[in-house]
Amino acid sequence: MGERACYRTSCQSCAAIVTIVDETCPDCGSHLECHESEATDLEDH
């Protein structure tokens with residue numbers, strides 16, 4: 001499996017592409033919700 005930092009999602013506030021390990025959006029600075037469940041879902045497939 002790839003590194004968790006390679007999995008991408010989008011910021012809920014500005015739709016910027018972020019990694020699932022980011023805690024804040026690099027574009028708008030918003031706090032990102034935990035994406036642990038997304039990482040687990042991706043690893044299961």
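A few remarks follow.
- Residue ID - modelled with the highest pLDDT, chosen from residues in region 1-17 that are surrounded by fewer than 12 Cβ atoms within 10 Å (Cβ to Cβ) and assigned to a helix (DSSP H, G or I): Cys6
- Taking each residue of region 18-43 that is surrounded by 11 or more Cβ atoms within 10 Å (Cβ to Cβ) and looking for partners that are modelled with pLDDT under 85 with beta-carbon atoms closer than 6 Å, six or more apart or interchain, yields Thr19/Ala5; Ile20/His35; Ile20/Glu38; Ile20/Ala39; Val21/Arg4; Val21/Ala5; Ala39/Arg4; Glu43/Met1.
The values are calculated or read from the model by the stated rules, or taken from the named source; none is laboratory data. As the structure is a prediction and not an experimental result, all values here were calculated from the model. Note that we place each Cβ from the backbone using ideal geometry, even for glycine, and neighbour counts take in every protein chain shown.
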